[in-house]
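Data first, discussion second: the structure below is written as structure tokens.
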Amino acid sequence: MRAVDVDRFGDGGPAMSRVGSRAVVLGAVLGLAATDASAQVALSQSTFEAGVNFAAFFKVERGCGASPTTALRVQIPDGVSVLDLPEKPGWSVGSERSGGRVTAVTWQGRLESVQPDQFGLLVKLPPKPGPLYFAAVQRCAGREIRSAPMLTLVASGPDAHAHASPIAVERPWSRATPPGAQTGVAYLTIVNHGSEPDVLVAASSPAAASVEFHVMTTTTDGVMRMRPATSGVTVPAGGTVELKPDGGYHLMLGGLKAPLRSGTMLPVTLRFAKAGSIDVVFAVEPIGARGPSAGAAPEHNHH
């Protein structure tokens, strides 16, 4: 769904303006920080390096009591530049601007009260370390709940990367699916910069009921067969594993909640035995695509 003008709500700022969505080429690996039980909206990661691009997700934990969420407005702090507003299936995305700068982003749609979801955008963070507050307003039927998720910016250097994971994710992409399709596929390359092997043991996505690892093998009579990789995907120390269309491993998404549309993003959480959980944003390419769009420059963060 393309971004559209939406009625603003909140603090009397400038009117909404249309933002043209671009195809998402984000290899973002986002950590969902632990939040207080009372929090309604949580920022995807609580600490990040100053002065770099940041793929941020705002996770709505639940609705307002029994009422579904119908809109989420996030105010963009001074010094933060919005680089991309990815499409979100089933939701319209709008921006407020002042002097050419995006000052707030609003998503409008419907999210049932007991169903969590996340809303993403790509931003450029300011160079100065310190706290940033993203004032958020969650709108439900006849009610608004306000919160202010905080992101702490740290200076670049050893401290900023002290807890860096040896696992890196590159070229995450998926294919669009036809209407009514219940399954989808996703591909990526996993690089292990560490001195010990690790195993991709599980995966999940808010876009599907299940995410499994499948592997294609060729029998002695030359027949290709697909089977579940129930023991996970092992990534050797200092090695690389490519999940690709032409044989080998891939991710299989079952029970899709909506068709995967070209130009949108697909969030998937990968869980490794040693590196822990990594949230990856896959670029959804057209049906029949053989790889991600040229010029992709993925970036990732770990929790």
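Does Phe119 fit the bill of being hydrophobic (A, V, I, L, M, F, W, C) and over 11 Å from Leu72 (Cα atoms)?
No, not satisfied.
Consider Leu260 against the criteria (1) assigned to a strand (DSSP E or B); (2) touching a Pro at 6+ places or on another chain (Cβ under 9 Å): it satisfies all of them except one. Which criterion is unmet?
(1)
Scan the stretch 118-147 for residues that are of a type in the set (D, E, K, R), within 19 Å of Trp91 (Cα to Cα) and part of a loop (DSSP other than H, G, I, E, B) and report the count. Explain how you work it out, then say what you get.
Kept after step one, since they are of a type in the set (D, E, K, R), are these residues of the stretch 118-147: 124, 128, 139, 143-144, 146.
With within 19 Å of Trp91 (Cα to Cα) added as a condition, the list becomes 139, 144.
With part of a loop (DSSP other than H, G, I, E, B) added as a condition, the list becomes none.
Summing the residues that are of a type in the set (D, E, K, R), within 19 Å of Trp91 (Cα to Cα) and part of a loop (DSSP other than H, G, I, E, B) in the stretch 118-147 gives 0.
Hey, does the stretch 154-164 have a residue that's at negative phi, assigned to a strand (DSSP E or B) and not aliphatic (A, V, I, L, M)?
No - not one qualifying residue is present in the stretch 154-164.
Could you say which residue among Ser195, Ser231, Ser204 is within 30 Å of Glu112 (Cβ to Cβ) and of a type in the set (Ser, Thr, Tyr)? Let's see the steps before the verdict.
Details: Ser195 fails: within 30 Å of Glu112 (Cβ to Cβ); Ser231 fails: within 30 Å of Glu112 (Cβ to Cβ).
Ser204 is the lone residue from the list that is within 30 Å of Glu112 (Cβ to Cβ) and of a type in the set (Ser, Thr, Tyr).
To keep it simple, each residue is scored yes or no on (1) closer than 16 Å to Leu122 by Cβ; (2) at pLDDT 85 or above; (3) not in a strand (DSSP E or B).
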| site | (1), (2), (3) |
| --- | --- |
| Phe48 | yes, no, no |
| Gly51 | yes, yes, yes |
| Ala55 | yes, no, no |
| Phe58 | yes, yes, no |
| Arg62 | no, yes, yes |
| Leu72 | no, yes, no |
| Pro77 | yes, yes, yes |
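The values are calculated or read from the model by the stated rules, or taken from the named source; none is laboratory data. Please read all numbers here as calculations on a predicted model, not as lab measurements. Note: ideal-geometry Cβ built from the backbone for every residue, glycine included; neighbour counts use all protein chains shown.
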